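Chemist: This is the structure, below, for whatever I ask next.
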Amino acid sequence: MQRNTAIAVALGWMLASAAQPVGFAAQDAGLGAPQLQARVESLLARMTLEDKVGQLNQLSVDSLTGPERKVDNGDELIRSGRVGSIINAVTARETNAYQRKAVEGSSLHIPILFGLDVIHGFRTLFPIPLGLSASWDPALVEQTARFAAEEASGQGVRWTFSPMVDMARDPRWGRIAEGAGEDPYLGSAFARAYVRGYQGERLDDPTSVVACAKHFVGYGAAEGGRDYNTTEISERTLRDVYLPPFHAAVDAGAGTVMSAFNAIDGVPASANPFTLTQVLRREWGFLGFVDSDWTAVRELMLHGIADDERTAALRSFSAGVDMDMQTGIFLRNIPELVRSGQVPQGRLDDAVRAILRVKFALGLFDRPYVGESRAPGTAAGRGEALARRAAEESFVLLENRKVRDAPLLPLSASPGRRVALIGPLADSAGDMLGCWSGQAQARDMVTLRSALAERAARERLRLTFAMGTDVAGASDSGFARAIEDARKADVVVLALGESGRSTGEASSRSDLGLPGCQERLLEAVVATGKPVVLIVFSGRPLAIAWASEHVPAILMAWFPGMQAGPALVRTLFGESQPSGRLTVSVPRSVGQVPVYYNHLNTGRPRVDPIGLGADKSDPYFVTGYIDQTSEPLYPFGHGLTYTSFSYSQVRVNPERVSARVIGEGGSSLTVEADVRNTGNREGTETAQLYIRLRGTSVARPVRELKGFERVHLAPGESRHLEFKLGREELAFWNAGMSFAVEPASLYVWVAPDCSTGTPARAEILP
Ligand code: BGC
């Protein structure tokens, strides 16, 4: 009876508050909206210490995504208001069942926020994020994120642990697959796109999910590329390279941030007051909450900055982590830490406020449940077209040399043509999922083999298929059959690469070659003398130096998701033009790593894009290796199409401008260029704007991306492009650690990649 009265009172309160819409728009820092604050404060005033700490606790309920056993008293914890969030509940039935326990069973009826790793799709699967980034098309990514949000929210999942906006300069690190590559400017553009897509116009739209920018921060700088490893990042590099995409996500309204596993200069990121409080809250004004990564709070003991749980909780919570994922350490220790005064009451209230703000903003108090009629098991039909387009835009054509008189790709589909499809990834649906494939099912993935077989039947091509070898196995017993097929064919399509599971978390590699005996298979097939199209499936750039010299056509396909096969077949036969560009440098060998384009110059450069060091006649005392060039195999931004483009008239206006005027945000430079399709097919070019600053108080990178635009051009068509360079593009963290524009010589390229083009010049005066 008493319980029912309590529910009725609470429901009355909820309905009364529901009468005043929260009016939250994700993009306008709406977490600070006054009506929302009022609801938060009114609830906070009724919470006990234990109720408050309960909100800081996050539990995993089903499949586990980390090294931890399942909690067995989950229900009891939920009913007693000791669970603020649940991760890994994936169906509407499950989320509703837990929600009922919280909303109807607990005394304050605070709804649970359900979180999940919806990384590149929920049920409908898009390419892995690294592949999506190769599209250089944030608008496309926004659409894929929105689609994923709609599917996830339909099951009650209103929080995704995405986007991963970690910069990655080391392809040994398996999680490079989950991000947007090595460039902070491009990474920031994608960070904004993901947040906009997930959070939509309004967070309280039931189809929106709150985004989580992760892993804050520096996780991608893991030493040796070994996952979870410690990092050495100077404050300037942190601010110049690793923080900007997080800042962009926060500015776009991201409601949550996840603290990382790594230590930065000895201070673990999940107990780092500088990054979590100084930068995130004080400098950026973040109003959402910080969730720790999986068991990261307890791992502080292993890092060595705490020798018991209590100290781990104290360090992490005081530094700015608001919610603890999976360990229950906050639940067990924060009450006593507050009672003893070691954690100020105000810190606890701020953390709870931040969590409640997000729950109110999502409309969870007003609509805690979801309908159970939309089964999660049906990948929506309309997702197919988007998944196929996303896959097509992600492909990067690395090579397309002439065989006889014409480039090998696109292939012609003349009846009777004999196509030998070879390779362990040609028909492996499971591998097309890549890492973090969520609720997607292998049976929904259309493989290259099945799409090619359909095309072959339609066009009367003669298709054979042989695996040749396994992805990682040592057996070459399938070579003979594969070579036989190749000999009889007019063209060979070779599908090689990594397994989908060899990228992502805890999947670092020390070797960047093709695994198993695939390299030998490749060499044997090429030795038949037949034209070979190599399709590389992988979650990281692979060091394919031999292939780049000996294989006429190479297409980087990443892990393309559910429409892998149709997208590839359309690309091979030219219905779709490859338009992707690399967002990471591809090394020649693992010994070159780290190799990234936006590095600093040395005092002894071997080559310099603006000709510095050319006066040094001695070729010996220069940076690099004695056994190999230090240039990557393929540079950042590289990607061919089925046509060709030229650039002209690159100029900067005005050519002299004052640093002070730009620094005050009062003015910007305009960069103009003309780009022309010089081939005889239509195609999409991604024009890339790079700058270099010289004469500044700290050394600046040899090139930095500061603008880009995808342009679709018919044969012979030209387009006039205009870019703006203002404070955001020209300022940097200077010797005094201020973000400022300094007098400098400015070099500007508008070019097809980071390694070509002739710069225009301007002077930034005092
Ligand atoms: C990963 C996160 C992920 C979390 C929850 C962790 O192991 O590092 O990226 O969001 O698990 O599944």
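Chemist: Ignoring ligands, DNA and RNA, what percent of the accessible area of segment 106-153 is carbon or sulfur (1.4 Å)? Numbers along the way, then the final one.
Modeler: Values: 350 of 630 Å².
Summing carbon and sulfur atoms, their accessible area is 55 percent of the total for segment 106-153.
Chemist: Shifting gears a bit: Kindly provide the GluC sites (Glu not before Pro) of segment 203-244 that DSSP labels as loop, not H, G, I, E or B, and whose Cβ sees at most 15 other Cβ atoms within 10 Å.
Modeler: On the way: sites: 223, 232, 235; in loops: 232.
Sites meeting the loop and neighbour criteria: 232.
Chemist: If I take the Cα coordinates of segment 79-130 and project them onto the principal axes, what are the three extents in Å, biggest first?
Modeler: Ordered largest first, segment 79-130 gives principal extents of 44, 19, 11 Å.
Chemist: Using label points projected 7 Å from each Cα along Cα→Cβ, tell me how many nm separate residue 618 and residue 104, to one decimal.
Modeler: My value for the distance between the label points is 8.2 nm.
Chemist: Tell me the label-point distance for the pair residue 42, residue 79, using the 7 Å Cα-to-Cβ offset, in nm and rounded to one decimal.
Modeler: If labels sit at residue 42 and residue 79, their model points lie 2.9 nm apart.
Chemist: At a threshold of 8 angstrom on Cα-Cα distance, excluding pairs fewer than six apart, so keeping six or more, what relative contact order does the chain reach in percent? Don't skip to the end; give the middle numbers.
Modeler: On the way: 1870 pairs, mean separation 96.7, N = 766.
Rounded, it is 13 percent for the chain.
Chemist: May I pose another question? Please work out, to two decimal places, the log10 of the ratio I(q)/I(0) at q = 0.10 Å⁻¹ from a Debye calculation in which every Cα of the chain carries one identical scatterer.
Modeler: Debye intensities relative to I(0), on a log10 scale: -1.03.
Chemist: Also: Inverting the mean 1/r over all pairs of different Cα atoms, compute the Kirkwood radius of segment 183-238 and quote it in Å.
Modeler: Values: mean 1/r = 0.0745 Å⁻¹.
Hydrodynamic radius (Kirkwood, Cα pairs) of segment 183-238 is 13.4 Å.
Chemist: Moving to a separate point now. Apply 1/(1 + (r/R0)^6) to the Cβ-Cβ distance of residue 720 and residue 631, taking R0 = 45 Å, and write down the FRET efficiency to the nearest 0.05. Spell out each step's value before the answer.
Modeler: Values: r = 32 Å, r/R0 = 0.71.
Computed FRET efficiency for residue 720 and residue 631: 0.90.
Chemist: Considering only protein heavy atoms and a 1.4 Å probe, what is the carbon-and-sulfur percentage of the accessible area of segment 420-468? It would help to have the intermediate numbers written out before the result.
Modeler: Details: 880 of 1980 Å².
Reported share for carbon and sulfur atoms: 45 percent.
Chemist: Given 20 °C and 1.002 mPa s, compute D for segment 71-217 with the Stokes-Einstein relation, Rh being the Kirkwood radius over Cα pairs; round to the nearest whole µm²/s. Kindly include the intermediate steps, with their values, before the conclusion.
Modeler: Details: Rh = 16.0 Å.
Rounded to a whole number, D works out at 134 µm²/s.
Chemist: Then there's this: Kirkwood Rh, Cα Rg: Rg to Rh for segment 230-300?
Modeler: On the way: Rg = 11.7 Å, Rh = 12.5 Å.
The Rg/Rh ratio comes out at 0.94.
Chemist: Using a 1.4 angstrom probe and counting only protein chains, how large is the accessible area of residue 550 in Å², to 10?
Modeler: 80 Å²
Chemist: How far apart, in nanometres, would the label points at residue 678 and residue 763 be if each is projected 7 angstrom from Cα along the Cα-to-Cβ direction?
Modeler: Each label point is offset 7 Å from its Cα along the Cβ direction, giving 3.3 nm.
Chemist: Sorting check: for 147-160, 742-755, which peptide has the highest mean count of neighbouring beta carbons within 10 Å, and how do the rest follow? Could the numbers behind the result be given before it?
Modeler: Values: 147-160: 26.2, 742-755: 21.4.
Put in order of decreasing packing, that is 147-160, 742-755.
Chemist: Still on this structure, please answer the following. Cβ neighbours within 10 Å, averaged per peptide: list 539-546, 52-59 in order, most packed at the top. Intermediate values should be presented prior to the final figure.
Modeler: Values: 539-546: 23.5, 52-59: 26.1.
So the peptides 539-546, 52-59, ranked by packing, come out 52-59, 539-546.
Chemist: OK, next. Just flag the chymotrypsin sites (Phe, Trp or Tyr not before Pro) in segment 583-641 sitting in loop per DSSP whose Cβ has no more than 16 other Cβ atoms within 10 Å.
Modeler: Numbers: sites: 596, 597, 620, 621, 625, 636; in loops: 596, 597, 620, 621, 625, 636.
Of the chymotrypsin sites (Phe, Trp or Tyr not before Pro), the ones in loops of segment 583-641 whose Cβ has at most 16 other Cβ atoms within 10 Å are 620, 621, 625.
Chemist: Leaving out ligands, DNA and RNA, what percent of the accessible area of segment 561-617 is carbon and sulfur, probe 1.4 Å? Write down the numbers at each step before the final one.
Modeler: Working: 1030 of 2070 Å².
The C+S portion of the solvent-accessible surface of segment 561-617 is 50 percent.
Chemist: Considering only DSSP beta bridges whose two residues both sit in the chain, what percent are antiparallel, to the nearest 5? Spell out each step's value before the answer.
Modeler: Numbers: 49 of 92 bridges.
Looking only at bridges with both residues in the chain, the antiparallel portion is about 55 percent.
Chemist: So if R0 is 45 Å, what FRET efficiency would residue 207 and residue 660 give, r being the distance between their Cβ atoms, rounded to the nearest 0.05? Kindly include the intermediate steps, with their values, before the conclusion.
Modeler: Working: r = 46 Å, r/R0 = 1.03.
Computed FRET efficiency for residue 207 and residue 660 comes out at 0.45.
Chemist: What's the FRET efficiency of residue 600 with residue 651 using the Cβ-Cβ distance as r and R₀ = 25 Å, to the nearest 0.05? Don't skip to the end; give the middle numbers.
Modeler: Details: r = 27 Å, r/R0 = 1.08.
Efficiency for this residue pair is about 0.40.
Chemist: Report the extension gain between residue 462 and residue 401 in nm, rounded to one decimal, defined as 0.36 nm multiplied by the number of residues separating them, less their alpha carbon distance. Please report the intermediate quantities before stating the final value.
Modeler: Working: separation 61, 0.36 × 61 = 21.96 nm, distance 2.40 nm.
Full extension from residue 462 to residue 401 adds 19.6 nm.
Chemist: Could I ask something else about it? How far, in nm, would the chain grow between residue 475 and residue 441 when pulled straight, counting 0.36 nm per residue and subtracting the alpha carbon separation? Don't skip to the answer; put the middle values down first.
Modeler: Numbers: separation 34, 0.36 × 34 = 12.24 nm, distance 2.86 nm.
Result: 9.4 nm gained on full extension.
Chemist: For the cross-link pairs 402/706; 359/706; 214/359, which exceed 31 Å when the distance is taken from alpha carbon to alpha carbon? Mind showing how you got there, number by number?
Modeler: Details: 402/706 34 Å; 359/706 36 Å; 214/359 19 Å.
Those over the limit are 402/706; 359/706.
Chemist: Find the accessible area per residue for the chain; the probe is 1.4 Å, ligands and nucleic acids are left out, and the unit is Å². Kindly include the intermediate steps, with their values, before the conclusion.
Modeler: On the way: 27550 Å² over 766 residues.
Result: 36 Å² of accessible area for each residue.
Chemist: Give the aspartates and glutamates reachable from residue 724 as a straight Cα distance under 18 Å; neighbours fewer than 8 places away on the same chain don't count.
Modeler: Partners found: 655, 664, 672, 674, 704, 709, 742, 763.
Chemist: Let me ask something else about it. Sort 520-530, 265-275, 119-129 for me by packing, meaning the mean count of neighbouring Cβ atoms within 10 Å per residue, highest on top. Intermediate results must be reported in sequence, preceding the final value.
Modeler: Working: 520-530: 18.0, 265-275: 21.8, 119-129: 30.0.
Top of the packing list down: 119-129, 265-275, 520-530.
Chemist: Let me ask something else. Leaving out same-chain residues fewer than 8 places away, which aspartates and glutamates sit with a Cα under 13 Å from that of residue 101?
Modeler: Cross-link targets: 75, 76.
Chemist: Cross-link partners among aspartates and glutamates for residue 530, C-alpha distance below 19 Å, same-chain residues fewer than 8 apart left out?
Modeler: 399, 405, 484, 485, 490, 519, 549
The values are calculated or read from the model by the stated rules, or taken from the named source; none is laboratory data. Keep in mind that what you see is a predicted model, and the values were worked out from it rather than measured. Here Cβ is always computed from backbone atoms with ideal geometry, including for glycine, and neighbour counts include all displayed protein chains. Surface areas here come from the heavy atoms of the whole protein model, side chains and all, with no ligands, DNA or RNA. Shrake-Rupley method; radii C 1.70, N 1.55, O 1.52, S 1.80 Å.
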